[in-house]
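Quick notes on the structure that follows.
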Amino acid sequence: DAGVTQSPTHLIKTRGQQVTLRCSPKSGHDTVSWYQQALGQGPQFIFQYYEEEERQRGNFPDRFSGHQFPNYSSELNVNALLLGDSALYLCASSLAAGTGSYEQYFGPGTRLTVT
Amino acid sequence: AQSVAQPEDQVNVAEGNPLTVKCTYSVSGNPYLFWYVQYPNRGLQFLLKYITGDNLVKGSYGFEAEFNKSQTSFHLKKPSALVSDSALYFCAVRDKSIKAAGNKLTFGGGTRVLVKP
């Protein structure tokens, strides 16, 4: 049973560029959440996708956008990259709220460096 | 709004001694509480959760946590620490009100645990 997978593992971009990160959820899961973890800090919630729609959003600017595909995989897009966007981006999968399942399972993350 | 505080940036403990990592939370309603562990250059690994019922919950690798509603705390414990327990530990909360918060997790800042031989 494959867990949550993310690609790429590492990425180096220049300020102003755009980046796309990808996530495949754990088998059987239908909800994908994205988190940003800056160095030395706890993960911060970016947004959550369920049924191909953004269901919840954290305090992140519109430069951060996403998508969920019919097979439940997801993409995180960041436009006009800033130095402060450098972080570990974590994808987590789960079953939808209200199903009786509670924990989220995290992928290994994508380390984004903006220079 | 929901929040989590982990008051200790680092906890040092000798191998074989008890380990405690502290966590307090704030939510508008009742909480779901979680502990995760992160090893270097890795994602977060689920350890245990409190949903309802018994205040003492047991999880993976010998860890347990005690939910204390009056003190709004959810401290992580292990009776006998191992060197391999050295890692970064995160406490997280989710508001039980589904409409209010879906299943968004709010994390604390993390506590680094160092277990010395």
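Net charge within 12 Å of B:Thr52 by Cβ-Cβ distance, Lys/Arg positive one each and Asp/Glu negative one each, not counting B:Thr52 itself? Neighbourhood net charge equals +2. Rounded to the nearest whole Hz, the Karplus-based 3J(HN,Hα) values (6.51 cos²θ - 1.76 cosθ + 1.60, θ = phi - 60°) of region B:8-13 follow the sequence 10, 6, 9, 10, 10, 8, with x at glycine and proline. Pairs exceeding 22 Å between alpha-carbon atoms, taken from B:Lys78/B:Lys104; A:Lys26/B:Lys78; B:Lys22/B:Lys78; A:Lys26/B:Lys69: B:Lys78/B:Lys104; A:Lys26/B:Lys78; A:Lys26/B:Lys69. When +1 charges are put on Lys and Arg Cβ atoms and -1 charges on Asp and Glu Cβ atoms, the dipole computed for region A:5-103 relative to its Cα centre reaches about 360 debye. Its residue count N sets the reference 2.2 N^0.38 Å, and the alpha-carbon radius of gyration of region A:40-115 equals 1.16 times that reference.
Of all DSSP-defined beta bridges confined to region B:13-117, some 95% are antiparallel rather than parallel.
Shielding by partners for peptide B:103-112, expressed as the average number of C-beta atoms from other protein chains within 10 Å of each residue's C-beta, is 6. Backbone phi angles across region A:101-114, fed through the Karplus curve with coefficients 6.51, -1.76 and 1.60 (θ = phi - 60°), yield HN-Hα couplings of 9, 10, 7, 9, 10, 9, x, x, x, 10, 8, 9, 10, 10 Hz in residue order; Gly and Pro are listed as x.
Basic side chains Lys and Arg get +1 at the Cβ, acidic Asp and Glu get -1 at the Cβ, and with that the dipole of the protein assembly as shown about its Cα centre reaches some 320 debye. Peptide A:52-62 has a mean shielding of 1, counted as Cβ atoms of other protein chains within 10 Å of each residue's Cβ.
Counting Lys and Arg as +1 and Asp and Glu as -1, what is the net charge of the other residues whose Cβ lies under 15 Å from the Cβ of A:Pro8?
Neighbour charge sum, excluding A:Pro8 itself: +2.
Summing Cβ point charges (Lys, Arg +1; Asp, Glu -1) relative to the Cα centre of region A:7-53 gives a dipole of roughly 400 debye. Shielding of peptide B:80-92 by partners, expressed as the average count of other chain Cβ atoms within 10 Å per residue Cβ, is 1. Summing charges over neighbours of B:Ser26, with a neighbour being any other residue whose Cβ is under 14 Å away from its Cβ, gives +2 when K and R count +1 and D and E count -1. Shown in residue order for region A:30-47 are the 3J(HN,Hα) couplings computed by the Karplus curve 6.51 cos²θ - 1.76 cosθ + 1.60 at θ = phi - 60°: 10, 10, 10, 10, 10, 10, 10, 10, 6, 4, x, 10, x, x, 10, 5, 9, 6 Hz (x for Gly and Pro). With the helix formula -39500 (n - 2.57) applied to DSSP H stretches of n ≥ 4, chain B reaches a computed 222 nm mean residue ellipticity of -500 deg cm²/dmol.
Each value in this text was obtained by applying a stated rule to the coordinates, not by laboratory testing. Computed from a predicted structure; not experimentally measured. So basically every Cβ, Gly included, is an ideal-geometry build from the backbone, and we count neighbours across all protein chains shown.
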